[in-house]
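The values are calculated or read from the model by the stated rules, or taken from the named source; none is laboratory data. Keep in mind the model is a prediction, meaning the values are calculated, not measured. A quick note on method: Cβ atoms are made from the backbone with ideal geometry, for glycine too, and the neighbour counts reach across all protein chains shown.
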Amino acid sequence: MAEASTAPRARHGSGLNLRLWLPLSWVTLLVVVAVFARWIAPHDPLAQDLLLERLPPFFMSGSEPGYWLGTDSLGRDVLSRMIYGAQIALFVSVIAASATCVFGSVLGMLAGYYGGWAERIISRLVDIWMAFPPVLFAVLLVAVMGTGLTSVIAAIALIDWTRFARVVRAETLVQTRMDYVDSARIGGARRASTLWTEILPNVLPTIIALLMLEMGIAIIVEAILSFVNLSISTDDPTWGSMIAEGRNAIHFAWWVLLFPLIALFFSVLSFSVLGEGLRQRFDPVLQ
Amino acid sequence: MTRTVLDIMNLTVNLPNRTRILRDVSLSLEPGEVRALVGESGAGKSMIGKAVLGILPPKVRISEGEILLDNEHLGAMTPVTRRNTVARMSALIPQDPLTALNPLRKIGPQIVDPLRRIHGWSADKARARALELLDRVHIRAPERVMASYPHELSGGMRQRILIAAAFAPSPRLIVADEPTTALDVTVQKEILKLIRELQRETGTAVLFVTHDMGVVAKISQKVTVLFAGKVMEDAPTEQVFSGAAHPYTRALINATPSSADPSRSFTPVPAQLVADLHREIAQDDHLYMTVTS
Ligand SMILES: Nc1ncnc2c1ncn2[C@@H]1O[C@H](COP(=O)(O)OP(=O)(O)OP(=O)(O)O)[C@@H](O)[C@H]1O
Ligand SMILES: [Mg+2]
């Protein structure tokens with residue numbers, strides 16, 4: 001028994017480092033930067049100074065000390081705006097992804113476990129929902145609710161819950177047919193409590209992977225909505241609005257576009273890789 | 001009226017399209033008795049156990065007949081009462097000890113939780129009972145095993161744990177559904193011995209599903225032979241081996257390689273016999289469909 005329990009762990013250890021270490025550091029960096037933005041950011045992200053407009057980043061000639069990643073066309077510090085942008089991106093992604101996850105997963109589990117009417121109603125709802133083009137849906141929603149972070153979060157949850165519902169339903173269905181569910185029932189477990197105590201732990205790795213993926217997606221969606229001016233006001237430092245602004249000045253101030261784009265790319269990538277890694281980490285059978 | 005632990009009377013189990021999986025099955029177990037349930041793969045052996053334990057697959061329904069546990073009609077109970085009665089009265093030793101344990105829960109709660117639910121025991125009392133039974137099935141370091149996950153243990157160990165879990169609540173009936181087929185030949189004997197020992201000590205009645213006639217001879221007092229969901233023979237084990245009444249039972253015995261005497265020749269069940277039986281059942285089905293539609 002001792003050999004059996006230590007051998008797979010050891011093998012797993014080396015794989016874990018490579019796959020989880022990089023995305024984990026990036027996400028940790030994001031969190032730290034977001035939480036301590038007020039102290040880390042060298043400048044006020046909203047402060048304009050037309051004398052300092054379009055300063056290049058530190059490694060180029062003509063840069064000013066203190067403006068590490070240069071400034072945009074209104075003379076605002078790019079690094080500071082990115083730091084505050086991380087705050088908004090992370091806030092939206094955590095709240096929106098959690099809401100999406102809880103809503104979609106609960107419906108998916110109920111459909112997969114109970115079958116019958118619950119299944120038919122929820123699956124039909126998913127089908128109808130998915131027939132709407134998501135971007136149009138989001139734009140409509142924001143148009144109705146008004147721009148702002150709350151609308152962005154609501155839009156993400158309302159569009160993407162179907163992803164959770166579908167995947168979690170399929171996984172729950174697989175687990176529901178497993179012998180261990182019968183074992184629990186023979187042992188006198190109630191039908192509802194079997195879902196939460198026996199099946200949920202087995203569906204959880206899938207849910208966590210989806211949640212991470214969704215956090216990445218939420219960051220993109222927020223950026224897109226900022227890009228098309230449907231998130232918070234244009235002055236506010238979001239990565240999406242920085243990219244939108246940077247686009248206009250790409251030929252003479254490419255840094256305004258490139259740095260937030262890189263941050264966006266790494267964040268989305270990190271979350272999805274992290275999701276897959278955590279799924280394996282939580283699944284002893286996969287280890 | 002004799003007291004029976006399990007009495008299945010004229011049980012018919014259907015799919016929604018009225019295909020019959022079990023056809024008018026009757027069998028009973030007295031206290032302390034071991035009844036072997038034999039038949040080829042797909043005959044419906046597991047389905048009988050599932051009907052008794054209330055874990056029939058979705059869409060598979062009991063359409064006729066009665067199941068009595070300790071002379072109480074399961075069919076007449078509310079689902080919650082039935083669930084409680086089944087939990088208190090019966091247990092399962094499954095075919096595959098890996099899938100029957102939840103991979104993401106530790107062994108301890110998987111034995112202890114049912115004890116607490118069934119008997120309303122305190123956590124300490126249930127835990128003590130679990131440890132006692134783990135010790136009884138020769139598990140060394142039972143404390144450590146209770147804190148392990150199923151994948152950390154070997155197949156034989158998992159099956160011993162499931163035997164302990166089945167006997168722990170002191171059920172009156174245990175359904176053992178081919179409890180050794182998923183195991184290495186080397187541990188099969190040991191598992192069989194353990195089940196027989198515990199069965200004798202506790203006087204639990206066991207419905208023992210198997211297709212190994214050698215095991216039937218060793219473990220059971222009664223035999224039910226099943227073919228395509230229909231009972232072919234119901235007789236004391238001795239009688240079956242000394243000259244079985246039904247040709248299909250005889251064919252099954254002849255088709256089993258003897259573990260005691262490997263030199264003895266064995267012959268597969270004749271195809272003609274199987275075809276004849278299927279024809280009989282098909283006629284029967286035709287009648288059933290016309291009568292019930
Ligand atoms: N979920 C299900 N839905 C519909 N039919 C099923 C289902 N499970 C089993 N059956 C059918 O019920 C019949 C009896 O199956 P059962 O599992 O009881 O056979 P068995 O005698 O236990 O066979 P084995 O020795 O292979 O375990 C089979 O013909 C099978 O096709
Ligand atoms: Mg079976």
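Which residue out of A:226, A:231 is within 18 Å of residue A:142 (Cα to Cα), away from chain B (no Cβ under 14 Å) and in a loop (DSSP other than H, G, I, E, B)?
Answer to the check: A:231.
Keeping to the stretch B:6-57, report how many residues are assigned to a loop (DSSP other than H, G, I, E, B) and under 30 Å from residue A:176 (Cβ atoms).
Qualifying residue count, the stretch B:6-57: 15.
Could you please find all residues in the stretch B:56-71 being farther than 11 Å from residue B:13 by Cβ and surrounded by 15 or more Cβ atoms within 10 Å (Cβ to Cβ)?
Within the stretch B:56-71, B:66, B:68, B:69, B:70 meet the criteria.
Among the residues that make up the stretch B:83-95, is at least one of them surrounded by fewer than 19 Cβ atoms within 10 Å (Cβ to Cβ), within 16 Å of ligand 1 (Cβ to nearest atom) and over 25 Å from residue A:192 (Cα atoms)?
no
Given the structure, is residue B:91 among the hydrophobic types (A, V, I, L, M, F, W, C), part of a helix (DSSP H, G or I), under 24 Å from residue B:192 (Cα atoms) and away from ligand 2 (no atom under 16 Å from the Cβ)?
no
Among (1) in a loop (DSSP other than H, G, I, E, B); (2) within 13 Å of chain A (Cβ to nearest Cβ); (3) touching a Gly at 6+ places or on another chain (Cβ under 6 Å), where does residue B:175 come up short?
Residue B:175 satisfies all of (1) in a loop (DSSP other than H, G, I, E, B); (2) within 13 Å of chain A (Cβ to nearest Cβ); (3) touching a Gly at 6+ places or on another chain (Cβ under 6 Å) except (1).
Assess whether residue B:115 counts as being at negative phi, within 13 Å of chain A (Cβ to nearest Cβ) and in contact with a helix residue (DSSP H, G or I) (Cβ under 6 Å, 6 or more places away or on another chain). Step through it out loud before you land on a result.
Working: at negative phi: yes; within 13 Å of chain A (Cβ to nearest Cβ): yes; in contact with a helix residue (DSSP H, G or I) (Cβ under 6 Å, 6 or more places away or on another chain): yes.
Answer is yes for this residue.
Go through the stretch A:160-188 residue by residue and tally those that are closer than 16 Å to residue A:109 by Cα and within 14 Å of chain B (Cβ to nearest Cβ).
9
Would you mind finding the one in A:54, A:38, A:81 that is under 21 Å from residue A:152 (Cβ atoms) and charged (D, E, K, R)?
The match here is A:81.
Which one of A:149, A:204, A:195, A:210 is more than 14 Å from chain B (Cβ to nearest Cβ) and more than 23 Å from residue A:127 (Cβ to Cβ)?
Just one listed residue meets the conditions, A:149.
Return the only residue of B:80, B:25, B:5 being surrounded by 20 or more Cβ atoms within 10 Å (Cβ to Cβ) and away from ligand 1 (no atom under 16 Å from the Cβ).
On inspection, the qualifying residue turns out to be B:5.
Take the conditions out of contact with any strand residue (DSSP E or B) (no Cβ under 7 Å at 6 or more places or on another chain), hydroxyl-bearing (Ser, Thr, Tyr), touching a residue at least 24 places away in the same chain (Cβ under 8 Å) and within 13 Å of ligand 1 (Cβ to nearest atom) and apply them to residue B:46. Does it pass?
For residue B:46, the condition - out of contact with any strand residue (DSSP E or B) (no Cβ under 7 Å at 6 or more places or on another chain), hydroxyl-bearing (Ser, Thr, Tyr), touching a residue at least 24 places away in the same chain (Cβ under 8 Å) and within 13 Å of ligand 1 (Cβ to nearest atom) - is not met.
Working carefully through the options B:41, B:63, find the one that is within 12 Å of ligand 2 (Cβ to nearest atom) and of a type outside the set (A, V, I, L, M). Walk me through how you get there before you give the answer.
Values: B:63 fails: within 12 Å of ligand 2 (Cβ to nearest atom).
Of the residues listed, the single one that is within 12 Å of ligand 2 (Cβ to nearest atom) and of a type outside the set (A, V, I, L, M) is B:41.
Would the stretch B:124-137 turn up any residue that is under 17 Å from the mean Cα position of the chain (by Cα), β-branched (Val, Ile, Thr) and in a loop (DSSP other than H, G, I, E, B)?
no
In the stretch B:44-60, what count of residues is obtained for those that are more than 20 Å from residue B:198 (Cβ to Cβ) and either away from ligand 2 (no atom under 14 Å from the Cβ) or within 14 Å of chain A (Cβ to nearest Cβ) (or both)?
11
Take residues that are modelled with pLDDT under 85 and tell me which of the helices (runs of 4 or more DSSP H) falling wholly in the stretch B:183-293 contain 3 or more.
So the answer is B:271-292.
Mind checking which residues of the stretch B:72-102 are of a type in the set (Asp, Glu) and out of contact with any Asp or Glu (no Cβ under 9 Å at 6 or more places or on another chain)? Spell out the reasoning first.
So in the stretch B:72-102, the residues of a type in the set (Asp, Glu) come out as B:72, B:96.
Residue satisfying the conditions is B:72 alone.
The conditions are (1) away from chain A (no Cβ under 14 Å); (2) more than 16 Å from ligand 2 (Cβ to nearest atom), and residue B:101 fails exactly one of them. Which is it?
Just one mismatch for residue B:101, condition (1).
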